[in-house]
1. Give ALA455, ALA476, ALA469 a once-over and let me know the one that is touching a His at 6+ places or on another chain (Cβ under 9 Å) and open to solvent by 10 Å² or more (accessible area, probe 1.4 Å).
2. If you scan segment 404-417, which residues turn out to be closer than 11 Å to ARG343 by Cα and touching a residue at least 60 places away in the same chain (Cβ under 8 Å)?
3. State all residues of segment 370-415 that are charged (D, E, K, R) and closer than 19 Å to GLY503 by Cα; if no residue qualifies, say none.
4. (1) in contact (Cβ under 8 Å) with a residue 24 or more places away in the chain; (2) under 19 Å from GLU216 (Cβ atoms); (3) of a type in the set (A, V, I, L, M): which one isn't true of VAL141, the others all being true?
5. Within the bounds of segment 365-385, is there any residue that is surrounded by fewer than 16 Cβ atoms within 10 Å (Cβ to Cβ) and either farther than 19 Å from VAL314 by Cβ or without any contact (Cβ under 8 Å) to a residue 24 or more places away in the chain (or both)?
6. For segment 474-495: of the residues being touching a Phe, Trp or Tyr at 6+ places or on another chain (Cβ under 6 Å) and part of a strand (DSSP E or B), which is farthest from SER245 (Cα to Cα)?
7. Output yes when any residue across segment 249-266 is part of a strand (DSSP E or B), open to solvent by 30 Å² or more (accessible area, probe 1.4 Å) and touching a residue at least 12 places away in the same chain (Cβ under 8 Å), and no when none is.
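The values are calculated or read from the model by the stated rules, or taken from the named source; none is laboratory data. Treat the numbers as computed from the prediction; the structure is a model and nothing was measured. No Cβ is skipped: glycine too gets one built from the backbone with ideal geometry, and neighbour counts run over all protein chains shown. Just so you know, the surface numbers come from the protein's heavy atoms only, side chains and all, with ligands and any DNA or RNA stripped out. Shrake-Rupley method; radii C 1.70, N 1.55, O 1.52, S 1.80 Å.
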Amino acid sequence: MSREGGPAPHGPRSRLVAVGAVAGLCVALAIGIATSDLLSPRTPTIALDAPHFVDETAGAGIAHMYDGGFEFAVGGGVAVFDCNGDGKPDLYLGGGSNPAALYRNDSPIAGALRFTPVHDALTDLTSVNGAYPVDIDGDGVTDLVVLRNGENVLLRGLGGCRFERVNETWGFRTGTAATTAFSAAWEGTATLPTLAFGNYVDPMSNDLHHLCFDNELVRPGAEGLRYGPPIPLRPGWCALSMLFSDWNRSGRMDLRVSNDAHYYLPTDGQEQLWRITPGQPPSLYTADDGWVNVQVEGMGIASYDLTGDGYPEVFLTSRGDNRLQTLAAGPAHPTYRDIGLKRGVNAAQPFTGGDTRPSTAWHDQFEDVNNDGFVDLFISKGNVTDQPEYAQKDPSDLLIGQPDGAFREVADAAGILNFDRGRGAALADFNLDGMLDLIEVNYGAPVRLWRNVGAGDASHAALMGNWLALNVVQSAPNVDAIGAWVEVRVGDLVLRRELTVGGGHSGGQLGWDHFGLGQATGADVRVTWPGGEIGPWLHVGANEFVFLRRGTAQAQRWLPAGT
């Protein structure tokens, strides 16, 4: 979220309250009240059913479509971030051949979703595949990296959902490739983040070994205040997702790249992991390092510590079988094995609708949609165009986590079943009621928006489990602490999430990090900050928005306006 003038929202519409290390305060929303738990929080043990989602697209004021010819068929992302400092997530939607669109979130707290279009020539760009939010200059106001067929654009946030173009100011040079993937991370003590761009098919190439534009790494220049020339990441095999991640908890974020196997030869291409060491050229991990060759038509990357060992599992979307990878022998080598079948997340075919051909999966995201303490997985799906060998009726999946680590399908029970051609998506709490809502971008069909009403209905939402929303901040330059690890301890269960920019499909989000707590009325939270400093355990109450600031021994509870 943007934080003009400091590391937290300020002004008449928001306020901060200190929360001690052993005590929390109550927050009352329209749907429930919880108090802080001074005893050991209750360990979640029961998986809850599917929450109910209500389609509020029409009433919310969002009228937008991602469309265009085949050159736009693999884009369609959404950036979710706070562009005006009120704590509510706003939207920037790719448009393909249509103009992209910025929407300000005017939803009442715990009420029906409402968005207002914000038109400006700087944001109403055409040829936009998607965008990612990241605070590049560390001023506390979120910026946008806009991915296009053609020139990519850096937009500096000015507050009030206003932006300025800064390609020239920041020395950012871009080519004419079709850009479909992005990630960012801070290397060492750099003032600016390192930016990675994944590019797609080069229509002018007839070389079967090089059908794709080179991917590029853009590092700060020697003076640190502007960017240097792009560094080619060769070979490049039509990347559709990228993610900087400290996969082995070494303190260094390496770059994982998911590539589209349709555009490389079986003897050439594969998924990639680039070693990114400050001050050194990027280099690929190889079989000599323990890297295992994996070939998928990779569309999206999602990561989360599913096994509780402190290292992130990686979910890769594709056609047919998706992959869920876990480290096979600890952090010494990047050797992964697949546990997707065991966990029930292969999702290789449509789960309903009668079409038995292979699915085509795009955006993926781990979140807890029913707040039971067991993370869930959303996968958007849809045929690339009208390719007959793949399912035409290919609904997106909502897989809810179980206590044994498996997942089960609930998209139909949740009320999000549809047969549009899904692309980018996001689960986010748009009305700040503690329940994650859903937006999905479709190719050649309108964007759809659902409000999560939990165990209730459109007239009365009802929490299914308790929750916690955290925002982790530190001093500039990396004010959003990208690369930090957040731990939430609920009884004997520890939930862990790495803070990253990238992954998903053509879009991502920045702001509140959501955790379900089940029936626990409090939790202990801790941050391992970039650079390795481990903060203290702090106790916070359930159903609260909390800021965790580096260097302080207490949390700050944030109250949405109107509560």
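1. When all the criteria are applied, what remains is ALA455.
2. Answer for segment 404-417, where residues must be closer than 11 Å to ARG343 by Cα and touching a residue at least 60 places away in the same chain (Cβ under 8 Å): GLY405, ALA406, PHE407, ARG408.
3. ASP376, LYS381, ASP397 - these are the residues of segment 370-415 that are charged (D, E, K, R) and closer than 19 Å to GLY503 by Cα.
4. Only one criterion in (1) in contact (Cβ under 8 Å) with a residue 24 or more places away in the chain; (2) under 19 Å from GLU216 (Cβ atoms); (3) of a type in the set (A, V, I, L, M) is unmet by VAL141, namely (2).
5. yes
6. VAL488
7. No: segment 249-266 contains no residue that is part of a strand (DSSP E or B), open to solvent by 30 Å² or more (accessible area, probe 1.4 Å) and touching a residue at least 12 places away in the same chain (Cβ under 8 Å).
One line per residue, one yes/no per condition, for (1) at positive phi; (2) among the aromatic types (Phe, Trp, Tyr); (3) free of Cβ contacts under 8 Å to residues at least 12 places away in the same chain:
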position: ALA469; (1), (2), (3): no, no, no
position: VAL472; (1), (2), (3): no, no, no
position: SER475; (1), (2), (3): no, no, no
position: GLU498; (1), (2), (3): no, no, no
position: GLY502; (1), (2), (3): yes, no, no
position: LEU517; (1), (2), (3): no, no, no
position: VAL527; (1), (2), (3): no, no, no
position: ILE534; (1), (2), (3): no, no, yes
